[in-house]
Each structure stands twice: as C-alpha cells, then as structure tokens.
Number of protein chains: 2
Amino acid sequence: MEQTLAIKIERLQGQLTELGAVNRAPDGSCRRVALTDADAMGRDLVRSWMRDLGLTIHIDRIGNVIGIRGGQSEGRPVMTGSHVDTVATGGLYDGAYGVLAGLEAIRVLNEVGLKTQRPLAVAFFTNEEGVRFQPDMMGSLVYAGGLSVEEALATKAEDGSVLRDELSRIGYAGTMPCGEIQPHAYVELHIEQGPVLHTAGEALAAVDFLQGISWQKVTITGVSNHAGTTPMRLRHDAGYCAGQIAAFVRALATRMGGAQVGTVGSIQLQPNLVNVIARKAIVTIDLRNTNDGLLAEAEREVRVFLADLARTEGVTIESVRTAQSPSVAFDVHIIETIERSAKRLGYKSIRRMTSGAGHDAQMLARICPTAMIFVPSVDGVSHNPREFTEPVHLAIGANVLLQTLVELANE
Amino acid sequence: MEQTLAIKIERLQGQLTELGAVNRAPDGSCRRVALTDADAMGRDLVRSWMRDLGLTIHIDRIGNVIGIRGGQSEGRPVMTGSHVDTVATGGLYDGAYGVLAGLEAIRVLNEVGLKTQRPLAVAFFTNEEGVRFQPDMMGSLVYAGGLSVEEALATKAEDGSVLRDELSRIGYAGTMPCGEIQPHAYVELHIEQGPVLHTAGEALAAVDFLQGISWQKVTITGVSNHAGTTPMRLRHDAGYCAGQIAAFVRALATRMGGAQVGTVGSIQLQPNLVNVIARKAIVTIDLRNTNDGLLAEAEREVRVFLADLARTEGVTIESVRTAQSPSVAFDVHIIETIERSAKRLGYKSIRRMTSGAGHDAQMLARICPTAMIFVPSVDGVSHNPREFTEPVHLAIGANVLLQTLVELANE
C-alpha cells in the first residue's frame, strides 16, 4: 500500500519559498532569528498550514508548536519536525525543510484518507539556532527535560531582553507543560549542511550518529593604549589575543584531525579603532567531535592555551560555556526503518553517516527512539543565502520520511 | 624679562577639566570624535575662550580655527596649537593640552601687557584623530597643502555621512582659504602618550623627530558556512584570516625590533556568529617606524603575507591605504630655542626624543620651521580615560611653551 504514496514536490517547494519570503533580505538571506517579529510571522504561517491540514495544535510553555493528526488508536504519536527559526543570514532549507516535508506527508495521507494506527505529530521547536538566546536547540532541550522551562524562560539576550518577554510578545507563550506529549518515535528530515552527500553524488543518508558540540564565549581584558607610542613588549593587547585564539583553534583542529572541527566565528574588539590597542575582546569558540573524549581533550587544550596566553600577554581571560552537548548515537530500529523505506523507493543501499551539525533530534533522542534522514546540500553550503538542495533530492527525502512515518505509526 | 613670566596652572587645569566634561562618559572617557555634536560643543567652548582673550578668530574651509594676537609688527605669526577632537574613548590631555596651554600663554602675556614683535597664533586643527573620517591629521594636512580641501570635504565616513555636510552641520565650514596664514614658526606642546619620560623620571623633552606612519584597511572575503559540518580543509574562513593577520603583525614588529611597532586595533566579522564561518572580515593595520625604509619593508612584508594568506585560504584580500606619512625631522633652530627656554627655567639638559604618535606638527613642518615639546604621560597611557599627566609637568611644559613662543616672536 505505502509504495503508492507520493508527495507533491511543487507544494513542498511552494511552502518553502513562501516561508522563506518572510523578512527575506535583498541578497536572498532568510532572517527569522528566534523570537523576533520575523520568527513570529514564520510561525504564524506554518501554524496556519497546520490548521489547513486539520491538525490539533498545541503550544507548550517554551513555545514549541506541535500539530497532531489522530490515529486509529490513542497511543503515543510518531513525531517528525525540526525548527523554523534561522541564523541572521540563513538559507531556505535549514529547519524549514523538515517541518514542511512533515506537513506535506500529512497532506498526502489526508488526500488518500489513510489513517495510521498511532497518531502522527509534526513539531517545530523554539530557538534551534541559538543566535540571540543560548543555548541553541533550546526548545527541544527543554522538551526532553534537559533544561528547566523556568531557566530557559529567564535566558537573557546580549541586548538585555529576556526570553520570557519575547515569547509573550510574539504570542507563543503556550500553556502546555513541555514534553507532555511523549513520542513513540521521532524522525527528523534535514539537509546535510555539509559536503559529503553532494561530493559523493548520493541522494540520501540515514543519520546514525551526531557529534558532540562545545561552545564558549571568551572575554579578554587587556589595556587600551596608543598604537604608535607603546613599545611592543609593554602591550597587553586584547585584539592580538583574539587573533591568537582564532589561529590556535584552527591549528588545534587541524592537528587533531579526524572528526575534530573548530571555529572562531565571532570577534568583537573594544574600542575597535585603527590606532588604539584593544582593551577588550570577546571571542566565541565552537568545537565539535564525534568522540566525546577527544572533544573534552580539545576543550582542555583550549583551556591550557588561554591560561598561557593570559600569562604571556599580561591580560585576564575568562571563558563561559554557552552550549555543550555530548555526541548522540541514534536508534538502530529507526535507522533500519529509514533504510527499508528508502529501499521500497528504489534506493538499495544508503549511506549511514554522522551529523556535524546539532539538531533537535539529538534532544528528542533522550526521550524516545530517534534517527534522522539527510539529503545533499549543494557544495555543502549552509547558514548562507546560497544554501541549496536540488528539488529531486527534496522530493526523495520527503518521500522516505512519509514512508518511515507510516511504517512506524503502524507498527 | 621672560624669566618672570609664569602660567597659572589652576587656570589651565580648570579649562582642561571643563573641555573634558563635554560629553564625558561615566567611566571618564572623553568622547569628542571629530565633526560630531560633542566636537562642536568642545570647539564652541574653546572659541569662546579665544574671544575672551581678545584674539581675532579665523575659521578656514576645512574647519581649522586660528586665533591671532597682534604683534608690534604685521609679519607672519608664531603659531602654536594642536587639536580638540578625541578618539571614541579618549583622555583629558591628548590635543587639548597643547591648545589650552597656548591660550594660557596668551593670557599671561595679556596680563603683563607684553606685546611681541610678531603676532602670536593659537590654532586647533580639524580631525586629528581620524576616527570617523580618514586620513587622520586631516585639518593640518590640508592646511599644509598635502591634501586638497575639495578632496578632504568629500571624505565619507563608514556610516555614509560626508565630511562637508558634517562640517556645515556643526557650524564650522569657514570661508578662509586653508593655509592662508603662513606661520613664521610652529611649536606644539603635547603629552608624550608613551612611557619614555615617565619611566626615566624626566619632566620634559624637545621632540626632534617623528616616526613614519602607515595605515591600511584590509578586507578579506571568504565563504560563509556551517561551523559544524564544514571540514577544516574545505574552509575559506575570513575570521581565521583576520586572526592570522593580527598574529602576523605582532610577530613582524617583534622580529624587526628597533622602532618598529604594529597594531591590529579593529576587526569586524560578518555575520559574526558563533556557529557560522565568517564570510567577511575587515581588519585595520597600523605600522610605524622612525626609518622610512624599514617602514616600507614592513609594508612589503605585510603585502607578501596577505598574498600568501589569500592563496592558502582560498579567499580574496583587498587592502586600501587609509593613511601614510613619512617620518619627519623637526627644525634644529626651534629645537634649540625650546632647549634654551627650558634652561632659563632651570632644566639644564633636556632629552631630545622621537615621537611615536602622529601630530599636527608633522604637517606644519612642511610649510614652516617646526618642533614639539613633550611632557610625561603617567605609565605611558593614552587614548584611554586613564590618560594622566602630573599638574607639575603640565605647568613646566606650558611655561617652556610660553618662553619659546616669546623668544621666537621677538627674534
């Protein structure tokens, strides 16, 4: 029976484009940073589509939105979903694809009148990107019990705004306790956001593993002084330290090799003037590895380096951890269900791969059997307006998701 | 006769404090960036003091303000002065001290009724710091014919504002052609802004040399991408390049040694997010040396490094020179006059030293005999609210300036 089900790619693409048009920049960037007005507009749009499909919509206290399609029985739902917030200059597909493909799957089932045994749920989780408020993947983390809702609501942004207020302001401070709807299983469809599938010319992967992530914000306090009159040996230059950190993180990741990556994506200097030695620098460090032991070793090396740098340069260096999540092994049964679904659609043997990015699925994995499906990103580009996935791959991923959901909901 | 003349330090300190109070920050920073409202308020205040002293005030087309005290004859005036703009977080003394000490000298001469042979002039030059509009030392550069007034007026700030409009807006678009008043000589009194005099425990120096300065703004364009999924070897990371440049500039200056200094004071990344590889970085480089050949060699090394970095990292790097001034040897006759003045006040032998900072005096040196007087900066701190010079040193410097002006105006 399930083999005959097929999503309609034009509808999925249409909704991706319509959602992406919300507050889109002239350069094509999607700009729906979590808990901004643009995020609210995106959420409202997706919620209206959930309503059109006849889903029962729940909003929990952290603003996660869950649309339920009833099953023949009243058990735990099989859940899919992702997020609809973006980074400040994001692309069309990151997050939105998983949510809208879930809705397209429901749409197909509605059209053929197929009622699964278990209910189906499509969710979008609050603040996956962690741009304004940290940690990232916050909504799903709270959903899975990894962070108390009170703590999450009290989070402050750089601009001083409090998450609780922003959530109320945009109209998404729901009343349902977080995690009240316990999924039977969770499957998330996402673009790879890396080059592996595109480079290999493959259409699809089952994600069996997700690397550990460590973020820290490092504040260096030196002494501001005149750039022309201060001898090199008498400097306490926070800007130089920032530069050394960026250089060290690259060298560390390269030296460790394997799955280790490291990024200094943000540097802010004060007073940030051509002829003034910087008094202060704030630098972020993003470290990831599939091996939690190696990730901890990378963190330790950074710690030693920062201590040495503080001593050598006569500056003070403070580091605050802004996010940390260990690596996650996904559920074998869900992975095999994805592989069977792919096989029914003609993909005999699909790659099992590790995700380099964090995803809401890693949080859901704490409370139910979970796995992910990846489709290629052209040139591996993501978090960028040039993010692109071929429509044929979008369709394949959505069809495998549909098959997987139906099989899990009928088991 | 001149030995009996003496400035009153309370008056000089009072005016330094009053000017410094304009738009002062809670942390004590003076914030009178050139051509802002705060700069206008500072200018208005100093102009009112010039009026109180009976000076004839001229404003030229680039906004330089020159107050003239008539002499017994009508020849070229002996000029002193400096600037009243500050960096974004500046101190009380940089620039302001030279201008207000000049006014205090005039005040003493008015009180004793001493009329010099030549007229005396006290000037403050527009935009010495070069924070919003580049190049720095702009007003004196135009005054000395090193930059056309039209070109200077057309200068654009980062925020898109045009210097001509800002100058009109703050009411300082004068009508006098720049450089119309040709000085007989120029003497500038300034705090050292470095640690030499303070460390040596000396009260005074004659400045005989000023190091060459080279500024460039470097723009690195890489590829924005996901920090977790992009393998290290596939990155084109503008943030990493910014860090490498900061590290290289320090290493270069340290390796060259001698008088070479180098600073990366400003770094701006885009999109500047923890989990996104930076697409773009804008980095400033400030290089200085007393030896123009070595400074050119430092510039050449930076050029080679940037070309290598662009090739290695697969990014494009463009560099624009935002300021460049060769080293300047000051006039021996003026230096000796300063030394004689110091000797009359009991300072038998004062140090001759090189200035590490740029000063308006280096521009005036193009059109008349010029030298400078330095007093100590405590701990060498400058461009910082902690900038401080002991009142006793402020008084000594101002008295030597007074003596020097009188001797030059009577020769």
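The values are calculated or read from the model by the stated rules, or taken from the named source; none is laboratory data. Just so it is clear, the model here is predicted, and its values are computed rather than measured. All Cβ positions, glycine included, derive from the backbone under ideal geometry; neighbour counts span all protein chains shown. Surface accessibility is based on the protein's heavy atoms, side chains included, excluding ligands, DNA and RNA. Shrake-Rupley method; radii C 1.70, N 1.55, O 1.52, S 1.80 Å.
Quick one: which of B:GLY228, B:GLY258, B:GLY243 is over 25 Å from A:PRO231 (Cα atoms) and of a type outside the set (S, T, N, Q)? Working first, answer last.
Details: B:GLY258 fails: over 25 Å from A:PRO231 (Cα atoms); B:GLY243 fails: over 25 Å from A:PRO231 (Cα atoms).
Exactly one of B:GLY228, B:GLY258, B:GLY243 is over 25 Å from A:PRO231 (Cα atoms) and of a type outside the set (S, T, N, Q), namely B:GLY228.
Residue under question is A:ARG76, and the condition is that it be among the basic types (Lys, Arg) and closer than 22 Å to A:ASN23 by Cα; does it hold? Steps first, please.
Details: among the basic types (Lys, Arg): yes; closer than 22 Å to A:ASN23 by Cα: no.
Against the criterion (among the basic types (Lys, Arg) and closer than 22 Å to A:ASN23 by Cα), A:ARG76 does not qualify.
Among the residues of segment A:221-241, what is the count of those that are more than 7 Å from every other protein chain (Cβ to nearest Cβ) and hydrophobic (A, V, I, L, M, F, W, C)?
3
For segment A:316-402, give me every one of the strands (runs of 3 or more DSSP E) that falls completely inside it and has 3 or more residues that are among the aliphatic types (A, V, I, L, M) and at negative phi. Show your work before the answer.
Details: elements: A:316-325, A:351-355, A:370-375.
Here the list reads A:316-325, A:370-375.
Can you name every residue in segment B:16-59 that is open to solvent by less than 10 Å² (accessible area, probe 1.4 Å), assigned to a helix (DSSP H, G or I) and farther than 27 Å from B:LEU147 by Cα?
B:LEU16, B:LEU19, B:GLY20, B:MET50
The rows are residues; the columns are (1) under 30 Å from B:SER382 (Cα atoms); (2) modelled with pLDDT under 95; (3) not in a loop (DSSP other than H, G, I, E, B); (4) not hydrophobic (A, V, I, L, M, F, W, C).
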site: A:VAL249; (1), (2), (3), (4): no, no, yes, no
site: A:ALA253; (1), (2), (3), (4): no, no, yes, no
site: A:GLY262; (1), (2), (3), (4): no, no, yes, yes
site: A:LEU269; (1), (2), (3), (4): yes, no, yes, no
site: A:VAL274; (1), (2), (3), (4): yes, yes, no, no
site: A:ILE282; (1), (2), (3), (4): yes, no, yes, no
site: A:ASP286; (1), (2), (3), (4): no, no, yes, yes
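Which number in (1) within 18 Å of A:GLY130 (Cα to Cα); (2) open to solvent by less than 10 Å² (accessible area, probe 1.4 Å); (3) among the β-branched types (Val, Ile, Thr) marks the one condition that A:ILE245 misses?
Among (1) within 18 Å of A:GLY130 (Cα to Cα); (2) open to solvent by less than 10 Å² (accessible area, probe 1.4 Å); (3) among the β-branched types (Val, Ile, Thr), A:ILE245 violates only (1).
Any chance you could count how many residues in segment B:379-411 are among the β-branched types (Val, Ile, Thr), over 21 Å from B:PRO119 (Cα atoms) and at pLDDT 95 or above? Can you show your working first?
Our first condition is that a residue be among the β-branched types (Val, Ile, Thr); within segment B:379-411, this holds for B:381, B:389, B:392, B:396, B:400, B:404, B:406.
Right, trim to over 21 Å from B:PRO119 (Cα atoms) and you get B:381, B:389, B:392, B:396.
From what's left, at pLDDT 95 or above: B:389, B:392, B:396.
Looking only at that region, the number is 3.
Among (1) closer than 19 Å to A:SER266 by Cβ; (2) open to solvent by 30 Å² or more (accessible area, probe 1.4 Å); (3) of a type in the set (Val, Ile, Thr), which single condition is A:THR175 missing?
Status for A:THR175: all satisfied but (1).
Can you say whether A:THR312 is closer than 29 Å to A:THR199 by Cβ, within 14 Å of chain B (Cβ to nearest Cβ) and open to solvent by 50 Å² or more (accessible area, probe 1.4 Å), as far as the supplied structure shows? It would help to see each step written out before you state the result.
Values: closer than 29 Å to A:THR199 by Cβ: no; within 14 Å of chain B (Cβ to nearest Cβ): yes; open to solvent by 50 Å² or more (accessible area, probe 1.4 Å): yes.
No: the conditions fail for A:THR312.
Within segment A:252-264, identify whether any single residue is open to solvent by less than 10 Å² (accessible area, probe 1.4 Å), closer than 30 Å to B:PHE133 by Cβ and at the interface with chain B (Cβ under 7 Å from one of its Cβ atoms), and answer yes or no.
No - not one qualifying residue is present in segment A:252-264.
Filter segment A:281-296 for residues that are touching a residue at least 24 places away in the same chain (Cβ under 8 Å) and surrounded by fewer than 21 Cβ atoms within 10 Å (Cβ to Cβ) and give the result.
Kept after step one, since they are touching a residue at least 24 places away in the same chain (Cβ under 8 Å), are these residues of segment A:281-296: A:281-292, A:294-295.
Those that are touching a residue at least 24 places away in the same chain (Cβ under 8 Å) and surrounded by fewer than 21 Cβ atoms within 10 Å (Cβ to Cβ): A:ILE282, A:THR290, A:ASN291, A:ASP292, A:LEU294.
Might you let me know whether segment A:347-354 holds any residue that is crowded, with 23+ Cβ neighbours inside 10 Å, under 16 Å from A:GLN211 (Cβ atoms) and away from chain B (no Cβ under 14 Å)?
No, there is no match, as no residue in segment A:347-354 is crowded, with 23+ Cβ neighbours inside 10 Å, under 16 Å from A:GLN211 (Cβ atoms) and away from chain B (no Cβ under 14 Å).
Return the total of residues in segment B:65-87 being closer than 22 Å to B:GLY171 by Cβ and either open to solvent by 10 Å² or more (accessible area, probe 1.4 Å) or among the small types (Gly, Ala, Ser) (or both). Before the answer, list the steps.
Here is the first cut: in segment B:65-87, the ones closer than 22 Å to B:GLY171 by Cβ are B:65-68, B:81-86.
Cutting the leftovers down to either open to solvent by 10 Å² or more (accessible area, probe 1.4 Å) or among the small types (Gly, Ala, Ser) (or both) gives us B:67-68, B:81-82.
Residues meeting the conditions: 4.
Could you tell me whether segment A:386-404 includes any residue that is crowded, with 24+ Cβ neighbours inside 10 Å and under 15 Å from the mean Cα position of the chain (by Cα)?
yes
Can you name the residue in segment A:100-146 that is among the charged types (D, E, K, R) and in contact with a helix residue (DSSP H, G or I) (Cβ under 9 Å, 6 or more places away or on another chain) and is also farthest from A:THR17 (Cα to Cα) among such residues? Can you show your working first?
Residues of segment A:100-146 among the charged types (D, E, K, R): A:104, A:107, A:111, A:115, A:118, A:128-129, A:132, A:136.
If we keep only those that are in contact with a helix residue (DSSP H, G or I) (Cβ under 9 Å, 6 or more places away or on another chain) too, we end up with A:104, A:107, A:115, A:118, A:128, A:132.
On the way: A:GLU104: 14, A:ARG107: 18, A:LYS115: 29, A:ARG118: 31, A:GLU128: 20, A:ARG132: 24 Å.
If we take residues in segment A:100-146 being among the charged types (D, E, K, R) and in contact with a helix residue (DSSP H, G or I) (Cβ under 9 Å, 6 or more places away or on another chain), then A:ARG118 is farthest from A:THR17 (Cα to Cα).
May I ask you to list the residues in segment B:129-158 that are within 14 Å of chain A (Cβ to nearest Cβ), open to solvent by 10 Å² or more (accessible area, probe 1.4 Å) and charged (D, E, K, R)?
B:ARG132, B:ASP136, B:GLU158, listed by residue number.
Which of the residues spanning segment A:68-80 are farther than 18 Å from A:ALA398 by Cα and part of a strand (DSSP E or B)?
Residues of segment A:68-80 that are farther than 18 Å from A:ALA398 by Cα, as a first pass: A:68, A:70-77.
A:ILE68 - this is the single residue of segment A:68-80 that is farther than 18 Å from A:ALA398 by Cα and part of a strand (DSSP E or B).
Answer yes if at least one residue in segment A:184-196 is among the hydroxyl-bearing types (Ser, Thr, Tyr) and open to solvent by 20 Å² or more (accessible area, probe 1.4 Å), and no otherwise. It would help to see each step written out before you state the result.
From segment A:184-196, those among the hydroxyl-bearing types (Ser, Thr, Tyr) are A:186; that's our starting set.
Okay, now just the ones that are also open to solvent by 20 Å² or more (accessible area, probe 1.4 Å), so none.
No, there is no match, as no residue in segment A:184-196 is among the hydroxyl-bearing types (Ser, Thr, Tyr) and open to solvent by 20 Å² or more (accessible area, probe 1.4 Å).
Per-residue answers, yes or no, for (1) at pLDDT 95 or above; (2) in contact with a Ser or Thr (Cβ under 9 Å, 6 or more places away or on another chain); (3) closer than 30 Å to B:THR316 by Cβ:
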{"site": "B:PHE125", "(1), (2), (3)": "yes, yes, no"}
{"site": "B:GLY130", "(1), (2), (3)": "no, yes, yes"}
{"site": "B:VAL142", "(1), (2), (3)": "yes, yes, no"}
{"site": "B:SER168", "(1), (2), (3)": "yes, no, no"}
{"site": "B:ALA173", "(1), (2), (3)": "yes, no, no"}
{"site": "B:GLU180", "(1), (2), (3)": "yes, no, no"}
{"site": "B:ILE191", "(1), (2), (3)": "yes, yes, no"}
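Please go through segment A:19-42 and pick out each residue that is of a type in the set (D, E, K, R) and under 21 Å from the mean Cα position of the chain (by Cα).
A:ARG24, A:ARG31, A:ARG32, A:ASP37, A:ASP39
Here is a check on your reading of the model: is B:ILE62 hydrophobic (A, V, I, L, M, F, W, C) and surrounded by fewer than 24 Cβ atoms within 10 Å (Cβ to Cβ)? Full working, then the answer.
On the way: hydrophobic (A, V, I, L, M, F, W, C): yes; surrounded by fewer than 24 Cβ atoms within 10 Å (Cβ to Cβ): no.
Considered against the rule, which asks whether it is hydrophobic (A, V, I, L, M, F, W, C) and surrounded by fewer than 24 Cβ atoms within 10 Å (Cβ to Cβ), B:ILE62 comes out as no.
Give segment B:196-220 a look and list any residue that's in a strand (DSSP E or B), at the interface with chain A (Cβ under 10 Å from one of its Cβ atoms) and closer than 18 Å to B:SER382 by Cβ, or say none.
Residues satisfying the conditions are B:LEU210, B:ILE213, B:TRP215.
Assuming A:THR322 fulfils every condition listed in (1) under 25 Å from A:GLY201 (Cα atoms); (2) β-branched (Val, Ile, Thr); (3) modelled with pLDDT under 95 apart from one, which condition is it?
(1) is the only condition that A:THR322 fails.
Looking only at residues that are more than 23 Å from A:HIS190 (Cα to Cα) and hydrophobic (A, V, I, L, M, F, W, C) in segment A:88-117, which one is most open to solvent (accessible area, probe 1.4 Å)?
A:VAL112
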